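Let me begin by presenting the structure, written as structure tokens, before commenting on it.
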Amino acid sequence: MWNRPQLMMDVADLLLTAGAAALLVAMAVGVARLPLFPIRGVTVAGPLREVRRDEIEHSLYGSLRGNFFSVDLEALRKSLERLPWVRRVEARRRWPASIELSLEEHVPVASWGRADGWLVNSHGEIFMAGMSAAAQEALPVFSGPANFVPEMLDTYRLARDFMRRIGRAPRELSVSRRLALRLALDDGMIVELGRQQAGAPIRERLERFVEFYPAILTAGGRRPEAVDMRYPNGFALRTGAAASPESESEGRP
């Protein structure tokens, strides 16, 4: 190599370029760590319904470290997502000296079981957050396998739309271990819907219930306590708590 001046010059140029690049990187890192470019403010985009400002401030206290360039946005995001009512957070830098936060809050649509604070959000996810007893009491109640919650939410929304046609509302939705669905309406009536099946979908059973609801109310001369819609072409009524399956009256379209 010593006899090849051009090669030595190329190697020298390469080393010089690498050294200059390393120096620039070191300088950039050093500048970023200097007490320059301080963060002068944090803004939250959009209104907040449940999350309080003091909760945000307390969460940021331990994670908002460094300057505009060195602050760890991922750590900041994770810290905020630990707050009870926060579902998702986006954090971004806004030149020259601020951080902008976008918080998505949980929107409760149901109570999960009977335990205080356990709720289901509008995405079919279970979460825990503080809520007044009266507010949680006003929500419908879901119960069943936790991994079945998204399907339960879809069924609840479908049932809610159907029940509006007859002036009723679902108050409880439960799923058994065999994934059989049961509705409790706001007037106390129980509607057994059974399992979702390709040949007999839940939608068809709800349609049949709504269609024959006036007849159901007067069948047998008294209002039934429960309606079993698991029959392929009809339904069965239970009119008393002590009634056996043999004493149920069955209606068919």
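Among Phe212, Phe142, a tally of other beta-carbon atoms within 10 Å of each Cβ gives an order, fewest to most, of Phe212, Phe142. Taking Lys and Arg as +1 and Asp and Glu as -1, the other residues whose beta-carbon sits under 10 Å from that of Arg171 total -2. Here the label points at Glu74 and Thr218, each 7 Å from Cα along the C-beta direction, are separated by 6.8 nm in the simple model. The distance from the alpha carbon centre of segment 74-119 to that of segment 201-238 is 43 Å, rounded to a whole number. Per-residue Cβ neighbour counts within 10 Å put Trp85, Trp95 in the sequence Trp95, Trp85, beginning with the fewest. By other beta-carbon atoms within 10 Å, ranking Leu48, Leu183, Leu153 with the fewest at the front produces Leu48, Leu153, Leu183. If R0 is taken as 41 Å, the Cβ-Cβ distance between Ser174 and Ala45 corresponds to a FRET efficiency of 0.60.
Where a number appears in this text, it was derived from the coordinates with a stated rule and is not lab data. Predicted model only: the values in this text are computed from it and were never measured. Neighbour counts are summed over all protein chains in view; Cβ atoms, including those assigned to glycine, are modelled from backbone coordinates with ideal geometry.
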